[in-house]
């Protein structure tokens, strides 16, 4: 009793083949889109490599690229199958690849949301514009803070804890500078100021960057209640949100799964319909297409028996007259054999 | 003597019809491209309209949108005619419309030429509106509490950051306006009072620029205030300092952006004119080839195609004569019909 039988005339077979051909080309293009998405994500991550703390996040774009390429390959094969399906001389050669095609696992876009990016190193090396290998850190951080509208790692106070003004620009004869340097153990010039890239353009007031904790330094300024002056979000949060959104686009993932499922089902119908037609005397006449030749339970039983015969392939036939070790093996295997059908 | 005659047999006619059909559909795509470019240009002008005093001219984008739509319509019709041209029954119903259609194409080409000219000439208008608009923007930077101008500060800051520019001609434009609102000035402070009294209009002027003028590529944390005072900052000479703030003026930056956009649109329109002319020539050849078939029942017969029925000079002479007769219809004809002709 075949599963989900459908009658196919020659006309219907032709339409099915054409429709599937179109669908498989759409799937090829979709695979291309997913591949490009992976490439784009990878370049974005590489661009921010200086400020990203870990490399595990590269798993996602790598997987996207592999899935895209695999999708292009398999769906191109599917389109060739469809093209050849109505030609009885060329169709049989696709039999084995088709079986492999059906055995493929569904692509599950692993949306690994594990992500720990941060600016810790970036802030420390902000002032090192004269150190080779770090000279662009300042520009990168400034552009990052302006583009993502964030300040510091968790908030703007992170800037109070590092020296972000290089010693080249500090006048060590000035009393103020000397005081600040002596005020901490590491002799760093710390100040309650932030770089200009933290400034929020939507603030009604021209940006206040220095003496942020000193209410008297500025007219009509209250450090506790001032909200719009600087960006309140930390860059860790901003970057995480951005990449979450980018990778969380489940829309394409769901769509691709649906596409592949329908393609698989359609191909199966086409294969069975064409095969039954070729077996009949009149290849241009009606035939039946189905998903499974027997019912679900019977197919699973058949698969189990096939798998067991494959496992037994390496074992010795107990009826053959071979050496004692092989007989011992056979005995051991006979002991193993009974439990498996019951499982 | 026809102008540029070409002999056609059946195969040539078929090839001409097919090729022309493809070119017409290519022209439809170009029309869609023109339409979307018009919309894009309109949106860009709207986005920057605050910088242009809100009185920028939308003539060019509106024309582009119109031309794009017309191109789609005209070329789709042409494609349909080509598609039907090899079927004598279908072609017969298009025959009477062909002459007016070709005249319409001529008119459309003239419109395209006008649009291309405007694209190149309106750049001057954009330059002038930018100059005026930016001057006012800088003046109204501080008015974040005045309705209608409260977003000027944000717009100007974001523009200076995006286009990497400062001020109208250069950063010194900021020295001539008060860009800090009186709400944030402590009028009881002596320094403030000195500055306010130092000029006729009582404006608080200083040699400082907003934070959006800062260049992130500078190795040194941005110096915004006391720009002309070398002793206010350690190791600073304002005459040789180049990287600290953007040196380009925003008028120049915005103008080069818009002018490159308008120039490329103009070049695209000229390419469209050439494409349309090719379309018209092809259609003329196709229609004349179909009309001059000696034996309409026999599709295999040969025929002639040409661009103009008589030579160029004679065609122009005919046109002029026709125009003269059109002009003469309201005048009295000598020797007869005098009472009717007299108005």
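The values are calculated or read from the model by the stated rules, or taken from the named source; none is laboratory data. Just so we're clear, the structure is a prediction, and the values are computed from it rather than from any experiment. FYI the Cβ positions are ideal-geometry reconstructions off the backbone, even for glycines, and counts take in every protein chain you see.
Listed values, structure above:
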item	result
Meets criteria (under 30 Å from residue B:17 (Cα atoms), modelled with pLDDT under 80 and surrounded by 13 or more Cβ atoms within 10 Å (Cβ to Cβ)) for residue B:310	yes
The stretch A:103-116, residues that are modelled with pLDDT of 50 or more and surrounded by 11 or more Cβ atoms within 10 Å (Cβ to Cβ)	A:104
Selection from the stretch A:171-192 of residues that are within 9 Å of chain B (Cβ to nearest Cβ) and either part of a helix (DSSP H, G or I) or surrounded by 18 or more Cβ atoms within 10 Å (Cβ to Cβ) (or both)	A:177
Any hit, the stretch B:111-118, residues being under 30 Å from residue B:154 (Cα atoms), buried (at least 20 other Cβ atoms within 10 Å of the Cβ) and in contact with a helix residue (DSSP H, G or I) (Cβ under 6 Å, 6 or more places away or on another chain)	no
Long-range neighbours under 9 Å by Cβ, at least six apart or interchain, first residue under 13 Å from residue A:139 (Cα atoms) and more than 14 Å from chain B (Cβ to nearest Cβ) within the stretch A:114-128, second at pLDDT 65 or above and assigned to a loop (DSSP other than H, G, I, E, B)	none
Any hit, the stretch B:134-144, residues being in a helix (DSSP H, G or I), within 22 Å of residue A:226 (Cβ to Cβ) and modelled with pLDDT under 95	no
Which listed residue is at pLDDT 90 or above and within 30 Å of residue B:162 (Cα to Cα), from A:174, A:197, A:225, A:249	A:197
Hey, residue A:333 farther than 30 Å from residue A:24 by Cβ, surrounded by 13 or more Cβ atoms within 10 Å (Cβ to Cβ) and modelled with pLDDT under 70 or not	yes
Filter result for the condition that a residue is facing another protein chain (nearest Cβ under 7 Å) and free of Cβ contacts under 8 Å to residues at least 60 places away in the same chain, over B:213, B:222, B:150	B:222
So residue B:194, is it in a helix (DSSP H, G or I), away from chain A (no Cβ under 11 Å), over 19 Å from residue A:208 (Cβ atoms) and touching a residue at least 40 places away in the same chain (Cβ under 8 Å)	no
Residue count, the stretch A:193-227 (criterion: loosely packed, with under 13 Cβ neighbours inside 10 Å and touching a residue at least 12 places away in the same chain (Cβ under 8 Å))	3
Top-ranked residue in the stretch B:159-170 [being more than 14 Å from every other protein chain (Cβ to nearest Cβ) and crowded, with 19+ Cβ neighbours inside 10 Å; ranked as nearest to residue A:149 (Cα to Cα)]	B:165
Filtered residues of the stretch A:129-164 (kept if within 9 Å of chain B (Cβ to nearest Cβ), in a loop (DSSP other than H, G, I, E, B) and either crowded, with 18+ Cβ neighbours inside 10 Å or under 31 Å from the mean Cα position of the chain (by Cα) (or both))	A:129, A:136, A:164
Residue in the stretch B:48-59 that is assigned to a loop (DSSP other than H, G, I, E, B) and more than 21 Å from the chain's Cα centre (by Cα) present	no
Of residues in the stretch A:193-203 being touching a helix residue (DSSP H, G or I) at 6+ places or on another chain (Cβ under 7 Å) and not in a helix (DSSP H, G or I), the one farthest from the other protein chains (Cβ to nearest Cβ)	A:194
Meets criteria (within 27 Å of residue A:138 (Cα to Cα), at the interface with chain A (Cβ under 8 Å from one of its Cβ atoms) and surrounded by fewer than 15 Cβ atoms within 10 Å (Cβ to Cβ)) for residue B:235	yes
Which numbered condition residue B:173 fails, given (1) buried (at least 16 other Cβ atoms within 10 Å of the Cβ); (2) within 11 Å of another protein chain (Cβ to nearest Cβ); (3) in a helix (DSSP H, G or I)	(2)
Unmet criterion (only one of (1) in contact (Cβ under 8 Å) with a residue 24 or more places away in the chain; (2) more than 14 Å from chain A (Cβ to nearest Cβ); (3) in a helix (DSSP H, G or I)) for residue B:128	(1)
Boolean, residue B:183 is surrounded by 17 or more Cβ atoms within 10 Å (Cβ to Cβ), out of contact with any helix residue (DSSP H, G or I) (no Cβ under 7 Å at 6 or more places or on another chain) and within 14 Å of chain A (Cβ to nearest Cβ)	no
Test: residue A:168 is in a loop (DSSP other than H, G, I, E, B), more than 26 Å from residue B:160 (Cβ to Cβ) and within 14 Å of another protein chain (Cβ to nearest Cβ)	no
Some residue of the stretch B:254-267 being closer than 27 Å to residue B:77 by Cα and either over 24 Å from the mean Cα position of the chain (by Cα) or crowded, with 17+ Cβ neighbours inside 10 Å (or both)	yes
Checking residue B:76 against (1) touching a helix residue (DSSP H, G or I) at 6+ places or on another chain (Cβ under 8 Å); (2) not in a helix (DSSP H, G or I), the condition it does not meet	(2)
Which listed residue is farther than 30 Å from residue B:168 by Cα, touching a helix residue (DSSP H, G or I) at 6+ places or on another chain (Cβ under 9 Å) and outside any helix (DSSP H, G or I), from B:86, B:102	B:86
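Condition check ((1) assigned to a helix (DSSP H, G or I); (2) closer than 30 Å to residue A:190 by Cβ) across all residues:
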site: B:150; (1), (2): no, no
site: B:154; (1), (2): yes, no
site: B:186; (1), (2): no, yes
site: B:218; (1), (2): no, yes
site: B:224; (1), (2): no, yes
site: B:253; (1), (2): yes, no
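Condition check ((1) touching a strand residue (DSSP E or B) at 6+ places or on another chain (Cβ under 9 Å); (2) modelled with pLDDT of 95 or more) across all residues:
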| residue | (1), (2) |
| --- | --- |
| B:72 | no, yes |
| B:80 | no, no |
| B:92 | no, no |
| B:99 | no, no |
| B:112 | no, yes |
| B:117 | no, yes |
| B:147 | no, no |
| B:150 | no, no |
| B:166 | yes, yes |
